[in-house]
């Protein structure tokens, strides 16, 4: 199960050294804060996803299934939001705008859905348009199968690349031995589609018999962060390990990221999963966290409002309840710092078009980081 729900404060022995670990587990608290955190949208329980619409509006997904629109100081519920399978870590999750949203109006959603084969639910991707506070023109683009009554590892982050391909993640659904290493099965994968749901002809497994044609990479556990590097345009991902071994990965076409054959984590009970942290043909993480921070949400800072953070990566921690700032040098983490320490479980972090950083904290709401 996701490490943020079990054992949130375990400190475990580092099991190995990743390819880019300096300075390993050292994390700093800032001597002074260069910003204040202003509560912008209050009274939210679990704001999983958020996107920024014109006229300073924010579209927000509550995991319970509510889709909310915040504008001019008030919040209203959007009608015709998808019916969600609200169990464990599943529910209404991420939201992303089409890169050409201003012209076509498409909004993309990930959620746990009970449609399809078997009891329970699995991750689904739809797109729709917003009209008069109601979702219209709803189109289903992908539905993982089969359903499962397990409540963990739905993945569900969404990102577009510069070529307007749609990427999304689906976790292993708690079936680590059956899903992540098998390209004929959904789960434990990053997927790539055209914006209308078609399978790209150059996806890595389109010619493999029985393979899920939308798969772009595999061997993942529970990816809850996707972001494009602002300079290279390459997709970065982070995922939950078990007890230890949360990872940041650079996602490449057709690559195997190893779960559960290789990992820096152990079982929640303290027993060993594997004695291998590397194997030929399996990718090493750019960075790994042991102990697990339970990462959620991820954004690169490009805004001039935070000049000291230019090029930094921001990642939320569910387990330890802070926002982590990571300084990078040639794809290596060189410095880590705690922000918003102790404010609550950070569910998401995004840089808005206005240049401000917005952070959603469970049980509180969405904060804007305002430079002093």
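Any read-out appearing in this document is the output of simple, stated calculations on the displayed coordinates, not a laboratory observation. These numbers were taken from a predicted model, which means no experiment stands behind them. We place every Cβ from the backbone using ideal geometry, glycine too, and count neighbours over all the protein chains shown.
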> So what are the three principal axis dimensions of the range 202-280 from its Cα atoms, in whole Å, longest to shortest?
Replying inline: 41, 36, 22
> From the square roots a ≥ b ≥ c of the eigenvalues of the alpha-carbon gyration tensor of the range 109-254, which class results: rounded (a/c under 1.5), prolate (a/b over b/c), or oblate?
Replying inline: rounded
>> I'd like the FRET efficiency for residue 207 and residue 229, computed as 1/(1 + (r/R0)^6) with the beta carbon distance as r and R0 of 25 Å, rounded to 0.05.
In response: 0.30
> Just how many % of Cα pairs in the chain lie over 30 Å apart, if you round to the nearest whole percent?
Replying inline: 32
> Given the chain, what percent of its DSSP beta bridges are antiparallel, to the nearest 5?
Replying inline: 95
>> Using only DSSP helix segments of four residues or longer, with each worth -39500 (n - 2.57), what per-residue ellipticity at 222 nm results for the chain after dividing by its residue count and rounding to 500?
In response: 0 deg cm²/dmol
>> 7 Å from Cα along Cα→Cβ at both residue 275 and residue 149: what's the point-to-point distance in nm?
In response: 3.8
>> Sequence gap at least 6, Cα distance under 8 Å: using those rules, report the relative contact order of the chain to the nearest whole percent.
In response: 18
> Can you give the extra length, in nm with one decimal, that the chain gains between residue 39 and residue 310 once fully stretched, where that is 0.36 nm per residue apart less the Cα-Cα distance?
Replying inline: 95.2 nm
>> What FRET efficiency comes out for residue 184 versus residue 31 if R0 is 56 angstrom and r is the Cβ-Cβ distance? Round to the nearest 0.05.
In response: 0.60
> Between residue 117 and residue 131, what is the spin-label point distance in nm, taking each point 7 Å from the Cα along the Cα→C-beta axis?
Replying inline: 3.5
